[in-house]
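Every number in this text was worked out from the coordinates using simple rules, so none of it is lab data. The model shown is predicted, which means the values in this text are computed figures rather than measured ones. Glycine gets a Cβ as well: all are built from the backbone with ideal geometry, and neighbour counts include every protein chain shown.
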């Protein structure tokens, strides 16, 4: 019935900073960028190599995301990567703080977490 994730929507506090992070640092490709006058809001559609997408929104006066302690709702966004170690090294070289790499006790695969500019938790998860 469900074939996959089409997109994940993210609301950011600083549109230009988040746009730079997701495009320049994470390397997502821009599909479309629109400014919606009626909402005083940008909507940036980004594509990952597998075709899934992230919609990056800016809204004036959006409330901060509660995260500590963890709130109900979406916990984090995880990305498949071929090498957790290589992507970690790349992110660190770009000034991104990355948690130490761990191993999933159930699958034996490496994973770790880092944050986007608004503190949204993002995960790297070993693909194979």
Between residue 70 and residue 127, what is the FRET efficiency for a Förster distance of 30 Å, r being their Cβ-Cβ separation, to the nearest 0.05?
0.70
Quick one: angle between helix 84-93 and the longest Cα principal axis of the chain, in degrees between 0 and 90, rounded to 10, please.
50
Tell me, 15, 35 in order of fewest to most beta-carbon neighbours within 10 Å?
35, 15
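Would you mind ranking 112, 23 by Cβ crowding within 10 Å, fewest neighbours first?
On the way: 112 20, 23 15.
Placing the least packed residue first, the sequence is 23, 112.
Taking 0.36 nm per residue of separation and subtracting the Cα-Cα distance, what length does fully extending residue 34 through residue 90 add? Write down the numbers at each step before the final one.
Working: separation 56, 0.36 × 56 = 20.16 nm, distance 2.97 nm.
The span from residue 34 to residue 90 would gain 17.2 nm if fully extended.
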Among DSSP beta bridges lying fully in the chain, give the percent that are antiparallel, nearest 5.
65
